[in-house]
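Beneath this line is the structure, given in structure tokens, with notes to follow.
The values are calculated or read from the model by the stated rules, or taken from the named source; none is laboratory data. The shown structure was predicted, so the numbers you read here are calculated from the model rather than taken from an experiment. Cβ placement follows ideal geometry from the backbone for every residue including glycine, while neighbour counts extend to all protein chains displayed. These area figures cover heavy atoms from the full protein model, side chains too; ligands, DNA and RNA do not enter into them. Shrake-Rupley method; radii C 1.70, N 1.55, O 1.52, S 1.80 Å.
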Amino acid sequence: MSDWQPGMSLDRLRQRSRVLAELRSFFQQRNLLEVDVPVLSTTSVTDRNIESISAVMSGSDLTGYLQTSPEYFMKRLLAAGSGDIFCLGKAFRSGEAGIRHNPEFTLLEWYRCGWDEHQLMAELGELIETLLPAVAINKYSYAELFAQYFNLDPHQAELSSLQKLAVEAGSSAWSDDTRANCLDLLFSVVIEPQLADGLVLVYDYPASQAALASCHRDAQGRRVSRRFEAFLNRVELANGYFELTDRAEQESRFAEDQQAREIAGKPAVAIDQRLLAALESGLPVCSGVALGVDRLLMQLEGAESIDQVMPFSWGRC
Amino acid sequence: MANYSTNEFRPGLKVMLDGDPCSILENELVKPGKGQAFNRVKLRNLKTARVLEKTFKSGESVEAADVMDADMQYLYTDGDFWCFMEPDTFEQHQATENAVGDALQWLSEQDMCVVTLYNGAPLSVTPPNHVELEIVETDPGLRGDTAQGGNKPAKLSTGAVVKVPLFLDEGEVVRVDTRTGEYQGRVSSK
């Protein structure tokens, strides 16, 4: 049996330790407070595309959930007046295992009070530059990329034309799919592999994929979400928002998620009432972003698989 | 036939795609952080040998292909069909020229091959990785040139043409890697 051994070399183990230290020092120098929020909670996300791992609490009626990100706890700290914070810890997602996925992974998440998403994207760029000094940084709106690769406006195109393109790029399984799913497929399969080297920041995601971002009208008057994603050498690295602070809007999005989960036959998840109460009490205007540290290490090390940058990936656990 | 869900995809699995049997080469999970999961799959079309890439929605099902590999002995050809036999059951299978494909140039009678059966009929033939064949046609050997140096084309008894070192002559038997078509060494001289 050789899988007792780590998937990563000892050189990379040391490099991983250095990168974790550099990430911490970047935020400490900027006076963000490190918070180590729980990874085990009694609730989880309602997100229709993210599955939590539940934990058996022996001798208790409660089900525990390993957190898919530290977001909700961090927002509760922000609402409690923490100011700028960062968290460098583990997150868990069920069913995600592959060359770029592991059910347990290291996530870096930080929040900046009073900042918009463009200020936060600039800081994300600075962070990547400290680790990759000569990295190229490009920034596009989601609509610009769809105009470039499909000659189409992703915010206003007919659903039927998106479905047609998705069937061509994928299979007939997309012929009656939702706007968000068709756009996701086209972005991941067609646009992402053609992105430039280095860091590519993509902002103004479709309103249908707002998740926990607030929405606004873009320069052309289209309703878009203030969500962004970062790609490093064509690999999805980070996802950020100008955060939604409106409790009612957030609650109705969670309810829509629950409905979508039910239709898709996915396990029901209760809405995190403590998060909603925190929003009710008042989340400061802020932007936040979560970055996959193992993915970052893959790019820094030129590794082909996430197994090569983690001490032990799932196949060795 | 049964169906396979994308969760069951693994290299070597045989599935039907657009009416043709295909073998899965690679299967990669693609899961945007906030998006739906799908599988990027590389497959080889077993009829055309062409490699294609296809995206499936995670959880989507695909029909299994009735494809199996069997070790068989090559017996003979009548010019239209190539006859292979299962050594355990002595059952014989007739393969078309199309199915034999490139294996044709390496096959000697009695060789053990892997015959891929699709719906019970030979779909493709994989010759042994290494074969030993006699040179039937080449330029005269240059004596003394046993060190390194150039090479020359040589036609083998099965019709294949491979590059061999200059010192070799007609009538000599050489070992060839059928996967690369490369000369591996001299086996014996007559």
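Computed quantities for the displayed model
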read-out: Among B:117, B:75, B:29, residue whose mean-square fluctuation peaks in a GNM of chain B (springs only between Cα atoms under 10 Å); value: B:29
read-out: Fluctuation leader among A:238, A:290, A:303 - chain A, Gaussian network, Cα springs under 10 angstrom; value: A:303
read-out: Farthest positive-ward along chain A dipole, Cα basis, beta-carbon charges - from A:203, A:147, A:282; value: A:282
read-out: Residue among A:199, A:108, A:13 with the largest mean-square fluctuation in a Gaussian network model of chain A, springs linking Cα atoms under 10 Å; value: A:13
read-out: Exposure ranking of B:67, B:136 by accessible area [1.4 Å probe, largest first]; value: B:136, B:67
read-out: Subset of A:90/B:54; A:75/B:57; B:14/B:163; A:164/B:31; A:75/A:266 violating a 28 Å alpha-carbon distance limit; value: A:90/B:54; A:75/B:57; B:14/B:163
read-out: Computed [θ] at 222 nm, helices only, for chain B once each DSSP H run of length n ≥ 4 contributes -39500 (n - 2.57); value: -500 deg cm²/dmol
read-out: Accessible-area value, residue A:128, 1.4 Å probe, nucleic acids and ligands omitted, Å²; value: 0 Å²
read-out: Debye, to nearest 20: dipole size of the protein assembly as shown, +1 on Lys, Arg Cβ, -1 on Asp, Glu Cβ; value: 1560 debye
read-out: From phi via Karplus (6.51, -1.76, 1.60), per-residue ³J(HN,Hα) for segment A:47-63 in Hz, x at Gly/Pro; value: 2, 6, 10, 10, 9, 7, 9, 9, 10, 7, 9, 4, x, 9, 7, 7, 9
read-out: For segment B:1-32 versus segment A:285-303, the gap between their alpha-carbon centres in whole angstrom; value: 31 Å
read-out: Segment A:187-316, dipole about Cα centre (Lys/Arg Cβ +1, Asp/Glu Cβ -1), debye to the nearest 20; value: 220 debye
read-out: Relative contact order (%) - criterion: Cα under 8 Å, at least six apart; region: segment A:1-85; value: 27 percent
read-out: Shielding of A:169-179 by partner chains, average beta-carbon count, 10 Å; value: 3
read-out: Computed magnitude of the charge dipole of segment A:224-287 (debye, nearest 20; Cβ of K, R +1, Cβ of D, E -1); value: 180 debye
read-out: Sequence-separation-based contact order of chain A, relative, with Cα cut under 8 Å and 6+ spacing, percent; value: 24 percent
read-out: Expected 222 nm ellipticity per residue - DSSP helices of 4 or more, -39500 (n - 2.57), all of chain A, to 500; value: -10500 deg cm²/dmol
read-out: Segment A:1-99: antiparallel DSSP beta bridges as a percent of all, rounded to 5; value: 75 percent
read-out: Alpha carbon centroid spacing (whole Å) that separates segment A:179-258 from segment B:162-177; value: 63 Å
read-out: ³J(HN,Hα) computed for each position of segment A:112-119 - Karplus, 6.51 cos²θ - 1.76 cosθ + 1.60, integer Hz, glycine/proline x; value: 10, 6, x, 9, 9, 5, 6, 5
read-out: For segment A:77-150, with +1 on Lys and Arg beta carbons and -1 on Asp and Glu, the positive-most of A:92, A:107, A:122 along the dipole; value: A:92
read-out: Shape call, segment A:1-103: gyration tensor on alpha carbons, a/c limit 1.5; value: oblate
read-out: Quotient of C-alpha Rg and 2.2 N^0.38 Å, computed over chain A; value: 1.00
read-out: In sequence order, calculated HN-Hα J values of segment A:303-314 (Karplus, 6.51, -1.76, 1.60; Hz; x Gly/Pro); value: 7, 8, 9, 4, 4, 7, 10, 10, x, 9, 7, 3
read-out: Cβ-derived FRET efficiency at R0 56 Å, residue A:220 paired with residue B:94, nearest 0.05; value: 0.25
read-out: Percentage relative contact order, segment B:38-190, counting C-alpha pairs under 8 Å, at least six apart; value: 16 percent
read-out: Global form of segment B:1-63, assessed from the alpha-carbon gyration tensor, a/c cut-off 1.5; value: prolate
read-out: For residue A:39, net neighbour charge (Lys/Arg +1, Asp/Glu -1) across residues whose Cβ lies under 14 Å away; value: -2
